[in-house]
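For reference, the structure discussed in these notes is given below.
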Ligand code: 4GY
């Protein structure tokens, strides 16, 4: 999968070169291309924002650099162009899976008071929100989409576990995990996990998933 990210703050995306996503890019399973919208400014000071028509506080990202940045990309019928904002469709695991089917994503990150609406009208296929709160820019939401979607790209996760194995694949939360030592500050690992009885362990884990979901997120049990 190829993901282009359009932003005024490309350095914020350096974390995508670490850990699992860094490895996925080295293996060419995933190609993440961060585009600096400022490179498309026609202004001698590389200005990309201006005051809002109608007045009011803050600055608006100009249509021209944003549209020229889109025009520099190879957009095909398989591309999904996303704007991240609180007005968008709420991201959940079903939407993550839907986006993971695309060959090419483009994610536009707004900043300040947002982007000139005409640049959105001309370029955006889908507006996505990561939750009902307001951030200073779309960069963190873009990283949330890249991270969650990448887990469904074949071979990005280790062969031992697939994205489908984990929380939400069955609308249940995960069971608790333990590692050595067996006793930590007086707290014992549940005995069943030391028994070597894998039938009983699977049964215990399944029951834990149901109990934890009932306790913490009963709304998930009513979903689907
Ligand atoms: N929540 N989900 C979110 C956000 C802030 C564009 C500048 C969110 O996706 N994006 O809070 N974005 C941005 C929105 C203008 C501030």
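FYI, it's all coordinate maths here, none of it is from the lab. Computed from a prediction, not measured in an experiment: that's the story for all the values here. All Cβ positions, glycine included, derive from the backbone under ideal geometry; neighbour counts span all protein chains shown.
Some notes on this structure:
- Using alpha carbons only: equivalent-ellipsoid semi-axes of the stretch 104-145, gyration tensor based, whole Å: 17, 14, 9
- With the simple spin-label model, which puts each label point 7 Å out from Cα in the Cβ direction, the residue 122 to residue 179 separation comes to 5.1 nm.
- Principal-axis analysis of the Cα atoms of the chain puts helix 139-150 at an angle of about 50° to the longest axis.
- Between the beta carbons of residue 17 and residue 221, assuming R0 = 41 Å, the FRET efficiency works out to 0.60 to the nearest 0.05.
- Rounded Å value of the spacing that divides the Cα centres of the stretch 178-224 and the stretch 27-85: 46 Å
- Residues 124, 3, 201 in ascending order of nearby Cβ atoms (within 10 Å, fewest first): 201, 124, 3.
- Rg ratio for the stretch 135-224: its Cα radius of gyration over 2.2 N^0.38 Å, N being its residue count, equals 1.39.
- Helix 198-216 vs. the chain, principal-axis angle (Cα, 0 to 90°, nearest 10): 50 degrees
- For the stretch 1-142: relative contact order, % (alpha-carbon pairs under 8 angstrom, 6 or more apart): 30 percent
- Estimated inter-spin distance, residue 112 and residue 135, nm [label 7 Å along Cα→Cβ]: 2.0 nm
- FRET efficiency, residue 87 to residue 27 (Cβ-Cβ, R0 35 Å, nearest 0.05): 0.45
- Difference of contour (0.36 nm per residue) and Cα-Cα distance, residue 187 to residue 103: 25.5 nm
- Of all DSSP beta bridges in the chain, antiparallel share, percent nearest 5: 20 percent
- Rounded if a/c under 1.5, otherwise prolate or oblate - the chain, Cα gyration tensor axes: prolate
- Listed from fewest to most Cβ neighbours within 10 Å, the set 83, 133, 112 follows the order 133, 112, 83.
- Highest to lowest packing among 137-146, 93-102, scored as the average C-beta count within 10 Å: 137-146, 93-102
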